[in-house]
Amino acid sequence: MKRGKGMKFVGDSRIPADKQKFIPKDYSEYPGRTEPFWPNFLLKEWLVGAVFLVGFLCLTIAHPAPLEKMADPTDTAYLPLPDWYFLFLYQLLKYKFASGPFFVLGAIVIPGLAFGGLLLAPFLDRGKDRRPHKRPISTSLMILGFIATFWLTYEAASHVDYEAKAENNKPVLPEESQVDIDTSDPGYAAYENSCLQCHGGELEGGAAAPTLIGIDYTVDEIKDIAVNGIEGDPGMPADQFEGTEEELQQLAEFIVSVNEEAAE
């Protein structure tokens, strides 16, 4: 067979002879609708990120994170607290609807819904406009999340003197608590067994419990609170007292006597 014999060449008009490169339209053809990623969009993002980073670094230099002493297992008056970025969850678990029998709701369900809403925000609001008032779902979720986190963190931190914890590993005693505590009093033994862990060795209180100095309760009212608890922020759950009726009476009389001495 001779070379080329029996071979045929077929042309297809659907295939261009010269392959052309894909060149997108110029951005000027879409006025007000889009912009080049480089350098327009990326430069804006870098500028915003740089301003935020510089501001955050200045804040950390002006107000460094408080550091506490090494843990002391012999200090029963010390109340450990989570780091500042978990204080909002710590405060959330103080509320009735998120603590006690509803602990799962406060520890898992509510935070899960909150973070899940933020993760789903881009999918719930698929608008192409970048202006905040044109993205109501995403904007509302972000504002709500910021306000909730800021307020809960502020509420948790407002009950703690971090400078005092850094120096003494426990809160500073308020002025009205500078009284002599008679540790030989039989009521102090009952206090030590049931109350000292939360209210401190000198009744000064702490992050999760108020001071017992300067209160205006009678013996019977203190006995009732020790057994049945009290509502409030911070409140006190019921059944915290461990002892006999005689020890409860001694405890109440001891607290009243300390407050009488502080008032003089």
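Just so it is clear, none of the values below were taken in a lab; they were calculated from the coordinates. Bear in mind that the values here come from a model prediction, so they are computed numbers and not experimental data.
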field: Potential extension, residue 51-residue 70 segment - 0.36 nm per residue separation minus Cα distance
entry: 3.3 nm
query: Once fully extended, how much extra length lies between residue 216 and residue 59, figured as 0.36 nm per residue of separation less the alpha-carbon to alpha-carbon distance?
result: 52.4 nm
field: For residue 205, distant residues with modelled amide H under 5 Å away
entry: 200, 212
The stretch 96-135: proportion of alpha-carbon pairs further apart than 11 angstrom, %: 68 percent
statement: Under the Karplus relation with 6.51, -1.76 and 1.60 and θ = phi - 60°, whole-Hz ³J(HN,Hα) for the stretch 134-148, x at Gly and Pro, equal 8, 10, x, 5, 4, 5, 5, 5, 5, 5, 4, x, 5, 4, 4
